[in-house]
Amino acid sequence: MVWWGDAIRAQMTEKALDLFRSSTGLEVSTEYQSGTAYDDKLAVRFAGGNPPDLLAVRRETLRDFAGRKALRPLPVGQVIIIEGVPPSVLNAGKIGNVQYGVPFGVASNAWVINTELFAKYKVDVPDLDTWDWDTLKETAAEVTRASGKKVWGATYTMDDILALGVWLRQRGLDLWTPEGRIAFTADSIAEWFQTWVDLRDAGAIPGADDIEELGLAAEQTPVGRKLAASAPIPSNSLAAFNATVHGALKMGFFPGESQADQRGHQLQPVGHWSVSARSKAPDAAFELLDFLINNTKANKELGVGRGAQIKKSVADQVASTLGKDDRIASDYTLRLAEFDLVDPAPDPQGSAELLLALGTISDKVAFGKSSPSKAAAEFFGKARSIIGG
């Protein structure tokens with residue numbers, strides 16, 4: 001069994017696996033890597049003919065693995081009991097109506113506000129259930145002005161693909177179709193880029209050179225360093241971000257959710273459990289996968305670092321054992337599940353390449369080398385050539 005993550009996630013996973021080992025008598029060898037090292041190591045294992053039996057697969061690569069016939073169809077509803085899992089969650093692991101992945105957890109985008117910074121600069125915290133994009137611009141600009149630009153009111157990046165997905169769905173569009181084609185327009189991307197420009201010009205968010213980006217870890221981000229008073233984050237990362245600012249964060253929806261005809265948030269799989277097509281122990285791998293999503297004791301050990309549990313019955317049992325921030329994150333995902341949300345579609349082949357293109361092209365907008373409309377046309381052309389649509 002292999003997965004990505006840090007040493008803390010490994011310790012929690014091993015505790016869950018000890019329960020499996022003791023109850024079944026089966027041996028489970030494990031390996032984990034962090035960041036891109038995981039993808040590189042996994043590629044080496046598959047190329048060398050030594051793939052793992054059970055593996056964590058990123059959303060962006062599930063379709064690619066399945067297309068190369070590297071994964072085994074999963075016996076969901078048989079060995080792997082899925083009763084109580086929302087169909088929309090399972091559908092995210094289907095390619096051509098075949099279940100190649102079962103999500104190991106779900107999360108969503110969220111927006112956090114540092115209430116202490118808002119209070120320090122005497123700016124009212126907006127209602128995160130009902131605020132809109134104009135309210136974000138106005139309140140964030142107030143913080144920036146009141147602090148003399150020591151703290152920016154907000155920050156977000158144009159190449160945040162999940163945040164872009166929220167934006168598109170609020171406008172009746174999406175990133176991808178269920179068939180793996182693009183589901184957005186050049187005009188919608190131009191509007192996304194223009195919103196960033198408008199927020200920057202209003203002083204609500206920093207420009208490209210205003211804050212040094214140190215990294216993706218919570219303590220390295222502008223909001224974690226108290227250089228920005230609000231920002232989008234993955235909902236399951238609340239505990240990590242809140243620890244950096246001593247519990248000052250309030251979490252809620254993206255701007256515009258209550259005004260949109262269709263909510264933009266989704267319950268997105270954080271990743272999938274899959275079984276290698278060349279596994280020499282597929283039955284044991286199926287049994288372990290079932291255990292990881294259904295066994296309450298195991299999920300209490302796993303916590304919500306991989307997102308909230310995909311079964312509400314299991315999530316409810318786990319919630320009582322969570323710390324304050326993880327409980328808030330779990331409740332947030334359960335609350336989202338009550339809304340009529342657009343089902344997530346599996347990322348198409350080429351989505352990782354397109355994400356790199358989004359970063360490069362959005363940088364042109366940020367540094368004034370391209371207009372939002374020109375950059376959007378360039379990105380849309382790239383999307384059509386890489387993904388199709």
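The residues of segment 249-267 that are among the polar types (S, T, N, Q) and under 19 Å from the mean Cα position of the chain (by Cα) amount to a single one, Q266.
In the set (1) assigned to a helix (DSSP H, G or I); (2) farther than 26 Å from V57 by Cα; (3) of a type in the set (G, A, S), the condition left unmet by G368 is number (1).
Put simply, of Y100, Y121 the only residue that is under 30 Å from A298 (Cβ atoms), open to solvent by 20 Å² or more (accessible area, probe 1.4 Å) and at pLDDT 95 or above is Y100.
Does D290 count as in a helix (DSSP H, G or I), without any contact (Cβ under 8 Å) to a residue 40 or more places away in the chain and either surrounded by fewer than 20 Cβ atoms within 10 Å (Cβ to Cβ) or not polar (S, T, N, Q) (or both)? For D290, the condition - in a helix (DSSP H, G or I), without any contact (Cβ under 8 Å) to a residue 40 or more places away in the chain and either surrounded by fewer than 20 Cβ atoms within 10 Å (Cβ to Cβ) or not polar (S, T, N, Q) (or both) - is not met.
Cβ-Cβ contacts under 9 Å between residues 6 or more apart (or on different chains), taken from a first residue in segment 72-99 that is closer than 17 Å to D283 by Cβ and touching a residue at least 40 places away in the same chain (Cβ under 8 Å) to a second residue that is surrounded by 14 or more Cβ atoms within 10 Å (Cβ to Cβ) and aromatic (F, W, Y), are listed as R72/Y100; R72/F286; L74/Y100; L74/W273; L74/F286; P75/F286; V79/F286; I80/F286. Could you tell me whether any residue of segment 246-254 is without any contact (Cβ under 8 Å) to a residue 40 or more places away in the chain, in contact with a Ser or Thr (Cβ under 6 Å, 6 or more places away or on another chain) and not in a loop (DSSP other than H, G, I, E, B)? No, segment 246-254 has no match at all. Filter segment 322-355 down to the residues that are among the β-branched types (V, I, T) and under 17 Å from S237 (Cα atoms), then identify the one that is least open to solvent (accessible area, probe 1.4 Å). Per the stated criteria, the residue is T333. Could you check, for segment 197-211, whether at least one of its residues is open to solvent by 10 Å² or more (accessible area, probe 1.4 Å), in contact (Cβ under 8 Å) with a residue 12 or more places away in the chain and within 17 Å of L162 (Cα to Cα)? No, that holds for no residue. With the structure loaded, tell me whether E60 is assigned to a helix (DSSP H, G or I) and either on the phi < 0 side of the Ramachandran plot or open to solvent by less than 40 Å² (accessible area, probe 1.4 Å) (or both) or whether it fails that test. Answer is yes for this residue. Among all residues of segment 140-149, there is at least one that is assigned to a helix (DSSP H, G or I), surrounded by fewer than 19 Cβ atoms within 10 Å (Cβ to Cβ) and without any contact (Cβ under 8 Å) to a residue 60 or more places away in the chain. Please go through segment 124-141 and give me each residue that is over 17 Å from P206 (Cβ atoms) and touching a helix residue (DSSP H, G or I) at 6+ places or on another chain (Cβ under 9 Å), ordered by number. Result: D124, V125, P126, D127, W131, W133. Under the condition of being in a loop (DSSP other than H, G, I, E, B) and surrounded by 15 or more Cβ atoms within 10 Å (Cβ to Cβ), which residue from segment 307-321 is modelled with the lowest pLDDT? Ranking the qualifying residues of segment 307-321, first place goes to G307. Considering segment 356-370, and only residues there that are open to solvent by 50 Å² or more (accessible area, probe 1.4 Å) and modelled with pLDDT of 95 or more, the residue that is farthest from R200 (Cα to Cα) turns out to be T360.
The values are calculated or read from the model by the stated rules, or taken from the named source; none is laboratory data. Nothing here was measured: the structure is a model prediction, and the numbers come from that model. In this analysis, Cβ positions are derived from the backbone assuming ideal geometry, glycine residues included, and neighbour counts consider all displayed protein chains. Heavy atoms of the whole protein, side chains included, go into the accessibility calculation; ligands, DNA and RNA do not. Shrake-Rupley method; radii C 1.70, N 1.55, O 1.52, S 1.80 Å.
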